[in-house]
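Please read the structure below before turning to the comments.
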Amino acid sequence: MGFQDNSGEIFIDAVLTDEGRERLARNDGSFAIVRFRFADDEIDYRFWNELTGSDSKDRKILDTPILEASTNEIVALRSPLITIRNARLQFLPQMVAKPSSVTLREQTDSVGGGTDITVSQEIARSQTILPSEIIDVNYSVELDNDLLFVSGETPISITPFGTGRYIIPAASGIQTAAGGTECKFNVRVQTLTTEAFDVLVGANVAQPRTINTTIIVTGQQSGMNAQIPVSIVEFTQG
Amino acid sequence: MSFKTFDLAQDVASVVSSINEVVSISGSIFAFDSNVKRFTNISSASALYPLGGYFQTVYDSTPTSPTSTPLFDVTYGYATGSTHNLPYNASSSQNEKIKVYRMMASSLLGDPDALFTINNVPVSECFFVMIKRGIQKDEIKKGATSIIYFPTAGTTVTASDAGAVTNFRQTVGGDYAPLITSSSIEVGQVWYNAGVLVFEAPAVGEVSCKSWPSDLLWSGSMTVDDMQGKSTIDKIVDGLRLHIDRINIHNQTNLYSTIYFCRATNSEFNYSSNPSFVDSNKRILVTSGSNILQTRTYITTVGLYDANDNLLAVAKVNKPITKAPDSEVTLRVRLDY
């Protein structure tokens, strides 16, 4: 993967993702493009310069180099653009995860236990109501399928790199203070081996060792997401 | 919302387009044995020599080099009715030559017993130059093939498929056209879809053969007449490589494309889930304390999804494109198959 040549006219570099190629190869009709979305993954809006002329405020943003398209569908599009009819919003809602980080114990949190996570649509100022276009009906939960799973749910896909993706419907009958929705799920630890800790942490690290990973929860309608750090602590006898 | 559903009648189009490359293969590449790979004759289980294989493959450099590329295969065959089809000696490879001709006739003419017709005459002996798929791509472009060959020592003649764009013929083996010299003499054929050049070889004693006369010294002290009956395929095509100066083709890649028109109206996609779009208080940066009161975003990526929100294709623009409530954007994403 490199940067795209931005010295001339605007052009578009398009590729099938690994998921797209796999579905195309299946030849079972599962490759059917029906919708799209835009994203601004490379853009850092902090380069917006308010202290200059109107025509120059976004000059540094427009100079941003763009990466070539990635075939890894997990990282290829991370920051979708959002449609909200009101063009004068000053604040945006946010996804809030509770707890904001999770510590799980190997074995103990595999068969039973685990941790309940709630991700809800909130707003920064209590007087603001969530725009109706971005009230989420379903949530996408992405996690490392080799390490974690969502209890009682089946992943709708597992990528070649081992990312499991679940679709969790919004909890029925629950409305946040902002008029949004929330999803709840229980995350647990897969059955791990000593070798997994050897590879991911190091064979010479003192026990109990800890594997760090991240769960990403994305509202399917809003495109907004919350990232939840997860620590998995190795099981030790005694 | 972050998704927009395509109107399949308005936003999706299928098109076919072609890409051509000029391929010019000089005799300086294929005349020398060092760029040629030979094969063991499987039926006789012989070593590389003396019986030789069914064909040779010409590379653009030493075949054992990891950077070399195979360009074309070259072989020879005759029909069972050929005047050369006689058991001269143990290495005359009668069965192999017949097998090659029947294989080519079956593949191109649709009948292993059929004969190629060149200059309106059935021809029982032919040379075959088979362009490799990696060079030919999907097919050879019509009207752009020419061969420069040596009909006699020291002279060259050019035969081409000029006019084939409109005058090509069709049969079960695909489209083909004659290779004609400037004297309007047909010396062979080019089969576009198969990527095969077929050249007439002289029958026994056929000094009037339009491509190469039977008494032409072919390799060493032997004439092309002698070699067709008495030599292995390997040795016959050794001579052929010495009697061709250049092969010119244009290859063709046929692209079947679907174009997706991704349209954003003025009121769509003006906010972002990008973490940097807002400050720590979730205040939108581009309008925060600004005299620009309207939101705006910068498009760098287009994702194409199925009904279950699986990302099937992704496209990137080479420069950020501004999207604001006072502008509309249509991005044309083309997927080639």
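The values are calculated or read from the model by the stated rules, or taken from the named source; none is laboratory data. Quick caveat: nothing in here was measured; it's all calculated off a predicted structure. Every residue, glycine as well, gets a Cβ built from its backbone with ideal geometry; the counts of neighbours run over all protein chains shown. Note: accessible area is taken over every heavy atom of the protein model, side chains too, but ligands, DNA and RNA are not part of it. Shrake-Rupley method; radii C 1.70, N 1.55, O 1.52, S 1.80 Å.
Points to keep in mind about this one:
- Projected-area mean, chain B, by convex hull of Cα positions, square nanometres: 25.5
- Under a Gaussian network description of chain A, with springs only between Cα atoms under 10 Å, the residue in A:GLU22, A:GLU106, A:GLU122 that fluctuates furthest is A:GLU22.
- Nearest-ten-degree value, helix B:233-242 long axis tilted from longest Cα axis of chain B: 70
- Proximal lysines relative to B:LYS210, as straight alpha-carbon distance under 18 Å, when same-chain residues fewer than 8 apart are discounted: none
- Stretchable slack from B:THR330 to B:THR166, in nm (0.36 nm times residue separation minus alpha-carbon distance): 55.2 nm
- FRET E, pair A:ASN72, B:THR265, Förster distance 35 Å, beta-carbon r, rounded to 0.05: 0.70
- Accessible heavy-atom area order of B:ARG38, B:ARG102, highest first, probe of 1.4 Å: B:ARG102, B:ARG38
- Charge dipole of chain A (Cα centre as origin; +1 on each Lys and Arg Cβ, -1 on each Asp and Glu Cβ, all else neutral): 760 debye, rounded to the nearest 20.
- Under-5 Å amide H pairs with A:LEU148, H placed in peptide plane, nonlocal only: A:GLN190
- Cα centroid separation, the range B:70-103 to the range B:142-192 (Å): 23
- When shorter helices are ignored and each DSSP H run of at least 4 residues is given -39500 (n - 2.57), the per-residue value for chain A at 222 nm works out to -2000 deg cm²/dmol.
- Ordered from largest to smallest accessible area (heavy atoms of protein chains, 1.4 Å probe), the residues A:PHE36, A:PHE149 come out as A:PHE149, A:PHE36.
- Of the residues A:PRO80, A:THR103, A:VAL119, the one whose Cα sits farthest toward the positive end of the charge dipole of chain A, with +1 on the Cβ of Lys and Arg and -1 on the Cβ of Asp and Glu, is A:VAL119.
- Rounded accessible area of A:TYR166 (nearest 10 Å², 1.4 Å probe): 0
- In straight-distance terms, cross-link reach from B:LYS97 covers every one of the aspartates and glutamates whose alpha-carbon lies under 16 Å from its own, apart from those fewer than eight places away in the same chain; here that gives B:ASP73, B:ASP113, B:GLU125, B:GLU200, B:ASP225, B:ASP226, B:ASP234, B:ASP238.
- Ranked by the mean number of other Cβ atoms within 10 Å of their residues, highest first, the peptides B:214-222, A:190-198, B:63-71 fall in the order B:214-222, A:190-198, B:63-71.
- For chain B, calculated [θ]222 nm from helices alone, where every DSSP H run of n ≥ 4 adds -39500 (n - 2.57): -3000 deg cm²/dmol
- Cα gyration tensor shape of the range B:265-336, rounded if a/c is under 1.5, else prolate or oblate by comparing a/b with b/c: prolate
- When all protein chains stay in place and ligands, DNA and RNA are ignored, the 1.4 Å accessible-area order of A:TRP48, B:TRP212, largest first, is A:TRP48, B:TRP212.
- Surrounding net charge for B:TYR76, when Lys and Arg each add one and Asp and Glu each subtract one, Cβ distance under 11 Å: -2
- Two numbers describe the Cα atoms of the range A:104-238: Rg and Dmax, which are 17.0, 54 Å.
- Phi angles of the range B:159-171 translate, via the Karplus equation with coefficients 6.51, -1.76, 1.60 and θ = phi - 60°, into HN-Hα couplings of 10, 9, 9, 3, x, 5, 4, 10, 9, 5, 10, 10, 8 Hz per residue; Gly and Pro are given as x.
- At 0.890 mPa s and 25 °C, Stokes diffusion of the range A:84-140 via Kirkwood alpha-carbon radius, µm² per second: 174
- Computed magnitude of the charge dipole of the range B:18-253 (debye, nearest 20; Cβ of K, R +1, Cβ of D, E -1): 360
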